[in-house]
Amino acid sequence: MHHHFYAYMYRLKHIERWSLMRNTTKENVAEHSFHVALTTHVLCTIANEIFKRAVDTNLAVSIALFHDATEVFTGDIPTPVKHHNPRILANFREIEQLAAERLVDMVPPALKSIYTPLIHPTQEHQLRKYVKAADLLDAYLKCTFEVASGNREFVVAKQQIEGKIKQLEMEEVDYFMTTLAPSFTMSLDEMSGLE
């Protein structure tokens, strides 16, 4: 019997993000998942090394890798659509749950105990706050790139996301924003010290 789980994961590269907005640079869900996993790793490392917390970085990164796995079935539903009203959001959450169940059903039985909690969490894990923060930071960085490229389409989204980032009140995120994020507005020559 063939199990299609892994093949579906590879299809995340075909799901485009930011579909309601004019983009100077296209982005797909596979790229986004990598960036969120990378940013989750950085946030957890900051938590552990700078703020002396005991965060399970490896588990957090695993959660991040699969945080949008269900979009292989649902597509990327833009935030303004999902959050337009409570009924739409509730319906979307139900669709997301059904997609998670479908995806988990494709995992080989011997691997289900590992992948089920990553794809279809039954409870909110404390590490998800790092994944959610990384997801928000990735959206902020996307907006930063677009605005820096002269695309005013992302100006309001960037402002809204900055507000959400401040509301997180996470020291790790504040450290990221002041220490790492500013480089994203620089050119390669500026970062290389050639200018």
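Key figures for this structure:
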| quantity | calculated |
| --- | --- |
| Restricting the stretch 1-53 to residues that are basic (Lys, Arg) and outside any helix (DSSP H, G or I), the residue that is least open to solvent (accessible area, probe 1.4 Å) | ARG17 |
| Given (1) more than 28 Å from GLY163 (Cβ to Cβ); (2) open to solvent by 60 Å² or more (accessible area, probe 1.4 Å); (3) touching a residue at least 12 places away in the same chain (Cβ under 8 Å), index of the condition LEU118 fails | (2) |
| Subset of the stretch 174-186 (residues that are open to solvent by 50 Å² or more (accessible area, probe 1.4 Å) and either among the acidic types (Asp, Glu) or more than 18 Å from the chain's Cα centre (by Cα) (or both)) | ASP174, TYR175, THR178, THR179, PRO182, THR185, MET186 |
| Cβ pairs under 8 Å, 6+ apart, first in the stretch 155-173 and surrounded by 12 or more Cβ atoms within 10 Å (Cβ to Cβ), second among the polar types (S, T, N, Q) | LYS158/THR144 |
| Whichever residue in the stretch 74-103 is part of a helix (DSSP H, G or I) and touching a residue at least 60 places away in the same chain (Cβ under 8 Å) and, among such residues, is least open to solvent (accessible area, probe 1.4 Å) | LEU103 |
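The values are calculated or read from the model by the stated rules, or taken from the named source; none is laboratory data. Everything quoted here is computed from the prediction, not taken from an experiment. All Cβ positions, glycine included, derive from the backbone under ideal geometry; neighbour counts span all protein chains shown. Note: accessible area is taken over every heavy atom of the protein model, side chains too, but ligands, DNA and RNA are not part of it. Shrake-Rupley method; radii C 1.70, N 1.55, O 1.52, S 1.80 Å.
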